[in-house]
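First comes the structure, then the notes that go with it.
The values are calculated or read from the model by the stated rules, or taken from the named source; none is laboratory data. This is a predicted model, so every value here is computed, not measured. With ideal geometry, Cβ positions are generated from the backbone for all residues, glycine too; neighbour counts draw on all protein chains shown. Remember, those area values only see protein heavy atoms, side chains included, never the ligands or the DNA or RNA. Shrake-Rupley method; radii C 1.70, N 1.55, O 1.52, S 1.80 Å.
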Amino acid sequence: MRAIYKRELRSYFCSFTGWLFVAVNLFVMGLYFIVYNMLMGYPTIAYVLQSIVFTFIVTIPILTMRTLSEERKNKTDQLILTAPVSVGKIVLGKYLALATVLFLPTAFMGILPLFLMQGGDFRLGVSYASLLGFFLYGCLALAVGLFLSSLTESVVIAAVLSFGALFLGYIMPGISNLLTSTGTSPVTTVLGKILSCFDMVGRFDTLSSGYFELEAVVYYLTAIGLALFCTAQTIQKRRYNISGGGLKVGAYSVTGILLAIAAVVAVNLGLNYVPEQYSSFDLTENRLYALTDETKAFLSGLSEDITIYVLAEEGAGDADFSKTLERMADQSAHIKIKYVSPAKNPNFYQNYTDVQPSSGSLIVEGERRSTVVDYGDIYTYEMDYSTYSYQTTGYDGEGQTVSALAYVTTEDMPVFYAIGGHGELELEEKFVNTITKENASCETLMLYSVDEIPEDAQGVILNAPTSDYSKEDAEKVIAFLQKGGNALIVSTMVEGEMTNFKSILDFYGITEVDGTIVEQDRNYYYQNPYYLFPEIASAEVTAPLADGLVFAPFSKGLSYDEEADDIHYTPLLTTSGSAFSKTDITDSSDYSKGANDIDGPFTVSLEVEKSTEDGSVSHAYVVGGESLFTSLADDMAPGNNVKLFSSMISMLADHESSVAVPVKSLSMPNLVFSAQTAYIAAVLCVIVIPLAILAAGLVVWLRRRRR
């Protein structure tokens, strides 16, 4: 075998083929490396490898097409077929020579991370996992090309067959997903799963995401082994034909191949029964796929059965989210995951909710209650004002799911009553779901229908009433607050006096500033001076916002007595000192300051703690803008307005959640290189090194032609 390996390897570099293969791959690698890593600053080479893997569709057929077909055409294969060497060693020697040629550009790519580490926080784990997947994918493509080369004596046909097979393997993820997501019959579902077995690139993508799956590595190794076995069987059949074999030999070849396929399928299916925690490893910097210790402790403590329905065809949903769910199921025997195809069962959700969830959402059902985790809440987004497009910034699959699990298993949950009957702004579904995520419930309460606010109330929500409270209604709210009740109060702009509503604010010593805030500092508003991006104070309730922004359009200022003995105030959102409150808005496009306007700065939102006469403490959050807790405002600072609302509810709920999992950031710090360094790297990687290899190959080829 060693002699065959050396002979084959020498043939690639004594001709121009091997040199051309290495040079072309290095050129393409270098080009994408400069763009993604040097210029765009991506801290991983995974993007480079995912972008250039398509080149194998063209380069590998050129490399493998002559391996066996040309020898068969020139009848030089007769020497091998009659040689005292096993067919397996012949095939393995030729294959290892091909793999060595592929290893050369791959090894060069493996050196680049050591250089990129000089530019900042580089993701080594993800990069080398991606490089392994890249090499294994290339090795599988070589094995397929070698097998197809053994079927024909035409070099052109071998190249065309290899190109077709690799192209189908490259687009197979799209084909199988299309069948599984749109098919409604068992036939299409089964066909989609069968076709996914020929998905050559999907496992590479998994490794490139930083999720090291043993299944992906075993798939490539077993598929390579199967392709080489089939190649050996093809040669073995021809060898016996030469020696006078017949039908029995053909039956032997077919039987052997079928047994090999069965063995490969059995090995890969067997890995499905290995727990996720033992068969996969998270190589990402922020442990994107691994469960936190808090989640593991919570799941280990579950004592009741929970079913998680995924509204998607199995295998067609979000791969990252599916991995999270699989790890949770492995962690607790009480969790069962079932996939429900929206195409086959479009009305399934109606058993649990009136609003149709988006595809990929979860319905979590426990013994007491059920809840929905909408797929739109799994990721967080942020506006990129340089491109005016949303960028995915965080993954909250674990946090949302754990919160849902805690919700359906909690015995007694805090109840918040949203006061109605005064033209209040109805809380949108995403904000109601946020209350649910905090393991609390929200119910609408008409004050006229009760003598007092129910004793089980953890807090009340007064969300921008447009008509004044009656005196009796206001007294009911104040009586609740005097007993230590909590409140979230959102003010609004209406014509006329809101005397009784203002008496509730007066309980906390708060008054509304007349008019609407106009911000004059360009750093504190977006396009329109009424569209505020107020400064976020450092406080426990604002901690989840980190360095984000909160959008507060058309807000009122809040004033309060800082010297009050029994009340503690914490400003949360404030304007700049150049802001003013416009008391008479006759034209919304007029931002000029009038004589009667009030100078800032202003507090847009604040936290209040008031000690009552019975020794209890009433905790409240007061907001001066009715639009703050709406989807339109939240879309301008994706997720941050909801985060603020969620944090306020969590503080008012005054209970420790079973587990609180923060959003896992998807943002990556960019690498930074000087223009001179990038220029030198571009010249070397894109021009000098590929041309030098081509020149060396050309010299070797010309010398051999002259002999």
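Here are a few things to note about the model shown:
- Among the conditions (1) basic (Lys, Arg); (2) closer than 25 Å to THR295 by Cβ; (3) surrounded by fewer than 18 Cβ atoms within 10 Å (Cβ to Cβ), the only one that LYS344 does not satisfy is (2).
- When residues of the stretch 120-137 are limited to those that are surrounded by fewer than 19 Cβ atoms within 10 Å (Cβ to Cβ) and at pLDDT below 90, the one farthest from the chain's Cα centre (by Cα): GLY120
- Criterion applied to GLN356, GLN350, GLN391 was being open to solvent by 60 Å² or more (accessible area, probe 1.4 Å) and in a strand (DSSP E or B), and the one residue passing it is GLN391.
- Subset of the stretch 296-331 (residues that are over 22 Å from the mean Cα position of the chain (by Cα), more than 15 Å from GLU365 (Cα to Cα) and part of a loop (DSSP other than H, G, I, E, B)): GLY301
- Complete set of residues in the stretch 108-128 that are without any contact (Cβ under 8 Å) to a residue 40 or more places away in the chain and of a type in the set (Val, Ile, Thr): ILE111
- Residues that are in contact with a helix residue (DSSP H, G or I) (Cβ under 8 Å, 6 or more places away or on another chain) and under 15 Å from LYS556 (Cβ atoms), drawn from the stretch 573-604: THR575, ALA579
- In the stretch 338-356, the residues that are aromatic (Phe, Trp, Tyr) form Cβ pairs under 9 Å with partners that are open to solvent by 90 Å² or more (accessible area, probe 1.4 Å) and modelled with pLDDT under 90, at six or more places apart or across chains, as follows: TYR339/GLU314; TYR349/GLN356.
- Screening the stretch 138-237 for helices (runs of 4 or more DSSP H) wholly inside it with 1 or more residues that are over 25 Å from the mean Cα position of the chain (by Cα), at pLDDT 85 or above and more than 26 Å from GLU326 (Cβ to Cβ) returns the ranges 155-182.
- Boolean, LEU573 is among the hydrophobic types (A, V, I, L, M, F, W, C) and in contact with an Asp or Glu (Cβ under 9 Å, 6 or more places away or on another chain): yes
- Every residue from the stretch 280-295 that is over 16 Å from SER332 (Cβ atoms), outside any loop (DSSP other than H, G, I, E, B) and open to solvent by less than 60 Å² (accessible area, probe 1.4 Å): SER280, ASP282
- Enumeration of residues in the stretch 530-552 that are open to solvent by 10 Å² or more (accessible area, probe 1.4 Å), in a strand (DSSP E or B) and of a type outside the set (Ser, Thr, Tyr): GLU535, ILE536
- In the stretch 190-214, the residues that are surrounded by fewer than 18 Cβ atoms within 10 Å (Cβ to Cβ) and either under 20 Å from GLN277 (Cα atoms) or of a type in the set (Lys, Arg) (or both): LYS193, LEU214
- Of all the residues in the stretch 409-422, those that are assigned to a loop (DSSP other than H, G, I, E, B), touching a helix residue (DSSP H, G or I) at 6+ places or on another chain (Cβ under 9 Å) and under 22 Å from ARG368 (Cβ atoms) number 2.
- Within the stretch 466-516, tally of residues that are assigned to a loop (DSSP other than H, G, I, E, B) and farther than 19 Å from ASP566 by Cα: 16
- Out of LEU96, LEU102, LEU68, sole residue that is closer than 20 Å to LEU20 by Cα, touching a Gly at 6+ places or on another chain (Cβ under 9 Å) and in contact (Cβ under 8 Å) with a residue 24 or more places away in the chain: LEU102
- Looking at GLU452, GLU438, just one residue is of a type outside the set (A, V, I, L, M, F, W, C) and either in contact with a His (Cβ under 8 Å, 6 or more places away or on another chain) or crowded, with 23+ Cβ neighbours inside 10 Å (or both), and that residue is GLU438.
- When GLY423 is tested against (1) without any contact (Cβ under 8 Å) to a residue 60 or more places away in the chain; (2) on the phi < 0 side of the Ramachandran plot, exactly one condition is not met: (2).
- Contacts under 7 angstrom Cβ, first residue in the stretch 195-207 being within 20 Å of THR55 (Cβ to Cβ), partner open to solvent by 20 Å² or more (accessible area, probe 1.4 Å) and of a type in the set (S, T, N, Q), 6 or more apart: ASP205/GLN50
- All helices (runs of 4 or more DSSP H) inside the stretch 1-107 with 2 or more residues being under 28 Å from the mean Cα position of the chain (by Cα) and either at pLDDT below 90 or buried (at least 22 other Cβ atoms within 10 Å of the Cβ) (or both): 17-33, 46-52
- Verdict on ASP614 being of a type outside the set (Gly, Ala, Ser) and closer than 21 Å to LEU652 by Cα: yes
- Considering residues of the stretch 484-503 that are among the polar types (S, T, N, Q) and crowded, with 17+ Cβ neighbours inside 10 Å only, the residue nearest to SER650 (Cα to Cα): ASN486
- Options LEU362, LEU405, LEU425; residue that is over 25 Å from PHE629 (Cα atoms) and either open to solvent by 40 Å² or more (accessible area, probe 1.4 Å) or in contact with a helix residue (DSSP H, G or I) (Cβ under 8 Å, 6 or more places away or on another chain) (or both): LEU405
- For the stretch 686-707, the criterion of being in a loop (DSSP other than H, G, I, E, B) and either open to solvent by less than 60 Å² (accessible area, probe 1.4 Å) or not aliphatic (A, V, I, L, M) (or both) is satisfied by at least one residue.
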